[in-house]
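To keep things clear, I will list the structure first and then write my remarks on it.
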Amino acid sequence: MPILIGANASGKSNTLDALLFLNRVSSGVGIFQSIAGDANLPALRGGMEWVCRKPEKQFTLAIVVEGGNKNQDYRYEVTVQVNGSKAEVVKEELTLLTYSQRSQIPKEKRLFSTEQEESTSTGILTYFWTGTQGRGKRFDLNRSHIILSQTETMNLRKEVQEGAKQVLSQLQRIFVFDPIPSHIRDYAPFSETLLADGSNIAGVLAGLEPLRKAEVEQTLTEYLKELPERDIKRVWTEPVGKFSTDAMLYCEEGWEGQATHEIDARGMSDGTLRYLAIVTALLTRESGSLLVIEEVDNGLHPSRAHILIAMLRALGKERGIDVIVTTHNPALLDAAGARMVPFITVAHRNNATGASELTQLEDIQQLPKLMAGGSLGQLTTEGSIESALRLEESN
């Protein structure tokens, strides 16, 4: 479970926005709409005006995705140019990386590549390679959508189709989740897919097949019991309304030795609703998904941080879901403990350029000395980690 930490305006949200952008464009949404939003999608933070760090007019995203077997990965890179009311591909590549048992340096094989200098006014020339030599097929493709999403309907070599399908599948499984308690308190229509703000968790739970619904609600109850001071007996959803097309989230609680009482989502605390939404996401997203949660501990008391960490680890492993979280909470880092150091990344601004950078915590040279003098939470509170990074940059 990777944890992303860093001061305000260090670049944590930029990282999440990049993942959200890749998810949108891989799902067939146009590049402009993926940034600026539309009637169904909220804009990325800053929209078209701030998607590039000024005065730049382009941004590049590059990722490595696991391949079909342990000896293969795929590197995908896309460069987008923003110009007023337009956002278009100017460069895009997909490369197959093959690892041998004797070397950690992969052998590279380009599957497709664009060439900006030969692009036309309406499309962009894309070459699908037949091997290490020669370009093979050439297509004049639409700039307003990523090339990767256009390969599904094209007659290409099996190797190219499989690579594009693998990368698209991974990107489409990214879910950037930011549950908003005030949105969860209302009635929600029956749904199959959880919304990014968690507003329809009641509808998603109520829409499950009966046996699966009972199983999920039992798991929700078990994980919620340790969170509040009160004794939680049961968490469940029920259809409401004349036509039973909407649902509401309910909870039965009480004190030992006293009668229990039922409340609905309108009477639950913000922390309780966010926690329930996160557990619901882990229980209902498909295996192989990447669940990304900003400020994962928002609304939770610091004494409950260890409960949150334990839940994320257990359910993530059980359901085969990768989880990335951001946090400012020193209590959460202390709950994570030293064994999580290899999975913690620090977002920070470069002293010279002001650009956001990501550095693995364990790569900070002074880390052993720092941890000898305090916990991760204490080091974060004191700003010691950022100070160490600035010192290393100046040297």
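The table below lists the values:
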read-out	value
In the stretch 164-265, trypsin sites (Lys or Arg not before Pro) in a DSSP loop with at most 12 other beta-carbon atoms within 10 Å	Lys242
The chain - Rg over Rh from alpha carbon coordinates, Kirkwood radius	1.00
The stretch 181-279 - charge dipole about Cα centre, Lys and Arg +1 at Cβ, Asp and Glu -1, debye rounded to 20	160 debye
Of the GluC sites (Glu not before Pro) in the stretch 285-327, those whose Cβ has at most 14 other Cβ within 10 Å and which sit in DSSP loop	Glu286
5 angstrom amide H check on Gly37, placed H, neighbours 5+ away	Leu44
Residue pairs, from the table Lys70/Lys369; Lys107/Lys137; Lys213/Lys317, whose Cα atoms sit over 26 Å apart	Lys70/Lys369
Net dipole in debye of the chain [+1 Lys, Arg Cβ; -1 Asp, Glu Cβ; about Cα centre; nearest 20]	1160 debye
Residues Leu41 and Val240, FRET efficiency given R0 of 22 Å [Cβ-Cβ distance, rounded to 0.05]	0.20
Whole-Å semi-axes of the stretch 166-249's equivalent ellipsoid (Cα gyration tensor)	23, 18, 14
Stokes-Einstein D for the stretch 52-172, Kirkwood Rh over Cα pairs, 25 °C, 0.890 mPa s (µm²/s)	162 µm²/s
Residue-wise HN-Hα coupling along the stretch 324-337, computed from phi with Karplus coefficients 6.51, -1.76, 1.60 (Hz; x: Gly, Pro)	10, 10, 10, 7, 10, 7, x, 5, 5, 5, 5, 5, 5, x
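No lab work stands behind these numbers, since they all come straight from the coordinates. Only a predicted model underlies this, so the values are computations on that prediction, with no experimental measurement involved. Please note: Cβ atoms are built from the backbone with ideal geometry, for glycine as well, and neighbour counts cover all protein chains shown.
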